[in-house]
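Participant: If you scroll down you'll find the structure; I have some questions about it.
Computed from the coordinates by the stated procedures, all read-outs in this text should not be read as laboratory data. These numbers come from a predicted model, not from an experiment. No Cβ is skipped: glycine too gets one built from the backbone with ideal geometry, and neighbour counts run over all protein chains shown.
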Amino acid sequence: MELDRTLNRFTAQCGEWLRGCGPESDIVISSRIRLARNLADFPFVRRCTDHDRAAVEKAIRDRLNNCAELNKLLFLDVAELEAVDRQFLVERQLISRELAESSGARSVGIDPHEQFSVMINEEDHLRIQLMKSGLDLESAWDQVNQIDDVIESQVNYAFHERLGYLTACPTNVGTGMRVSVMLHLPALVITRQIEKVFSSLQKISLAVRGLYGEGSQAMGDFYQISNQITLGRSEEELIRQVGDVVPVLIDYERRAREYLIRESQQDLHDRVSRAYGILCNAQTISSEETMHLLSSVRMGINLGLIPGIEIPTVNQLFIQTQPAHLQKIRGIELGTADRNIERALYLQRHLAKKPSKNSEN
């Protein structure tokens, strides 16, 4: 019952990264910094026994619960969660797919405002991640660095004087830091420039991933841009590497939008209007189609083509129409066909403002 109340609380609120209020938030959805850390007194997770994993989890949770700065974290035992609850946390970007799908003792501590989370026994003993709305890497780094310092005062990190923080994956050794920015780039996709942009990013050692990170597909024209290697580079250098590139991508996307308005405004307006019309009137709709159509609507709102809808509303719909969220909102498990119907009804309620039997949702 307590678990249900906790997850329902998240369902009813908007996570920090969905607020749509940060710098450059018309194109940049969120800025995230993730730190990989390990305890010096235990083997890396992949070499841990079940007993080791349980001991790591207990040690970290006990220390953080006794820490005044972090004792308000909401801890969830991921190993004990139902599959739909694990997927729900993945959809909200609070845990990774790897933590959701692995086995053994593992958990997550979540900030009540969903600004940061601490994953225990993912690929590393600790994965600390913090997200900010819009392009706000410096602020994200300041905050996650403070959290890391607090945790380091409680536990003994695996650290090498020359190499830096020791991690399970060699590419994370050093700072253990992954800097990523999530961008919405529909105009670059429409104008077929996106592949050229990605090819250029790979040449400067930046990775391009989908909405849910490594191994995920790009849905709704969302892309995560992040550093690939940390060894030999300072935290400030990694932030600068990503931070210098993102404004260029923003400029490319804005120019592509301006081109669409200048050269094919009627076609663009038709695309946006059709997307909005389908979302408001569909009787059944898949998650993939919803993401694609919401992407057009979001761009249309930012270009002034659709009045009366706020960007945070659309940002939330991207997440709330995902499979696990729909089921948590309804409070029951739904098969694919039923989810598609419920998704259509949910979109109608929040876009067309049509009355429904479940209007409280």
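Participant: In region 297-314, how many residues are touching a residue at least 12 places away in the same chain (Cβ under 8 Å) and not in a helix (DSSP H, G or I)?
Facilitator: At the first step, the residues of region 297-314 found to be touching a residue at least 12 places away in the same chain (Cβ under 8 Å) are 297-303, 305-306, 309-314.
Applying the additional criterion that residues be not in a helix (DSSP H, G or I) yields 303, 305-306, 309-310.
Qualifying residue count for the region: 5.
Participant: Would you point out which residue out of Q320, Q266 is over 30 Å from M177 (Cβ atoms) and within 18 Å of the chain's Cα centre (by Cα)?
Facilitator: Numbers: Q266 fails: within 18 Å of the chain's Cα centre (by Cα).
Of Q320, Q266, the one residue that is over 30 Å from M177 (Cβ atoms) and within 18 Å of the chain's Cα centre (by Cα) is Q320.
Participant: Go over the candidates L279, L317, L294 one by one and state the one that is surrounded by 16 or more Cβ atoms within 10 Å (Cβ to Cβ), assigned to a helix (DSSP H, G or I) and touching a Gly at 6+ places or on another chain (Cβ under 9 Å).
Facilitator: Exactly one residue qualifies, and that residue is L294.
Participant: Considering only region 66-101, state which residues are closer than 20 Å to Q224 by Cβ and of a type outside the set (A, V, I, L, M, F, W, C).
Facilitator: Those that are closer than 20 Å to Q224 by Cβ and of a type outside the set (A, V, I, L, M, F, W, C): Q87, E91, R92, Q93, S96, R97, E98, E101.
Participant: Is it the case that some residue within region 76-91 is within 22 Å of the chain's Cα centre (by Cα) and closer than 30 Å to L303 by Cβ?
Facilitator: yes
Participant: OK, next. Please count how many residues of region 75-101 are outside any loop (DSSP other than H, G, I, E, B) and either within 23 Å of N156 (Cα to Cα) or not basic (K, R) (or both). Spell out how you get there, then give the answer.
Facilitator: First, the residues of region 75-101 that are outside any loop (DSSP other than H, G, I, E, B): 75-80, 83-91, 97-101.
Applying the additional criterion that residues be either within 23 Å of N156 (Cα to Cα) or not basic (K, R) (or both) yields 75-80, 83-85, 87-91, 98-101.
Of the residues in that region, 18 qualify.
Participant: Further question: Select from region 282-291 the residues that are touching a residue at least 12 places away in the same chain (Cβ under 8 Å), part of a helix (DSSP H, G or I) and touching a helix residue (DSSP H, G or I) at 6+ places or on another chain (Cβ under 9 Å) and write down the one among them that is surrounded by the most Cβ atoms within 10 Å (Cβ to Cβ).
Facilitator: T290
Participant: Do we have any residue at all in region 180-194 that's more than 23 Å from the chain's Cα centre (by Cα) and farther than 20 Å from L294 by Cα?
Facilitator: Scanning region 180-194 turns up at least one residue that is more than 23 Å from the chain's Cα centre (by Cα) and farther than 20 Å from L294 by Cα.
Participant: Considering L99, L39, which residue is aliphatic (A, V, I, L, M) and either under 22 Å from Q146 (Cβ atoms) or surrounded by fewer than 21 Cβ atoms within 10 Å (Cβ to Cβ) (or both)?
Facilitator: After applying the criteria, what remains is L39.
Residues are listed down the side, and each one gets a yes or a no for (1) part of a loop (DSSP other than H, G, I, E, B); (2) out of contact with any helix residue (DSSP H, G or I) (no Cβ under 9 Å at 6 or more places or on another chain):
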residue: V155; (1), (2): yes, no
residue: R162; (1), (2): yes, yes
residue: A168; (1), (2): yes, no
residue: R178; (1), (2): no, no
residue: M182; (1), (2): no, no
residue: A187; (1), (2): no, no
residue: R192; (1), (2): yes, yes
residue: V208; (1), (2): no, no
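Participant: Just one of K72, K132 is more than 16 Å from the chain's Cα centre (by Cα), within 28 Å of I319 (Cα to Cα), outside any helix (DSSP H, G or I) and basic (K, R); which is it? Before the answer, list the steps.
Facilitator: Numbers: K132 fails: more than 16 Å from the chain's Cα centre (by Cα).
When all the criteria are applied, what remains is K72.
Participant: Of the residues L94, L81, which is under 30 Å from E24 (Cβ atoms) and among the hydrophobic types (A, V, I, L, M, F, W, C)?
Facilitator: L94 is the lone residue from the list that is under 30 Å from E24 (Cβ atoms) and among the hydrophobic types (A, V, I, L, M, F, W, C).
Participant: Scanning for something among the small types (G, A, S) and either touching a Phe, Trp or Tyr at 6+ places or on another chain (Cβ under 6 Å) or loosely packed, with under 15 Cβ neighbours inside 10 Å (or both), does region 242-257 turn up at least one residue?
Facilitator: The answer is no; no qualifying residue exists.
Participant: Still on this structure, please answer the following. Which residues, taken from region 21-55, are hydroxyl-bearing (S, T, Y) and touching a residue at least 24 places away in the same chain (Cβ under 8 Å)? Can you show your working first?
Facilitator: So the first thing to find is which residues in region 21-55 are hydroxyl-bearing (S, T, Y), and the list is 25, 30-31, 49.
Matches in region 21-55: S25, S30, S31.
Participant: Determine whether F159 is aromatic (F, W, Y) and surrounded by fewer than 16 Cβ atoms within 10 Å (Cβ to Cβ).
Facilitator: Spelling it out, F159 is indeed aromatic (F, W, Y) and surrounded by fewer than 16 Cβ atoms within 10 Å (Cβ to Cβ).
Participant: Can you name every residue in region 100-127 that is touching a Ser or Thr at 6+ places or on another chain (Cβ under 8 Å), under 21 Å from V173 (Cα atoms) and hydrophobic (A, V, I, L, M, F, W, C)?
Facilitator: Those that are touching a Ser or Thr at 6+ places or on another chain (Cβ under 8 Å), under 21 Å from V173 (Cα atoms) and hydrophobic (A, V, I, L, M, F, W, C): M119, I120.
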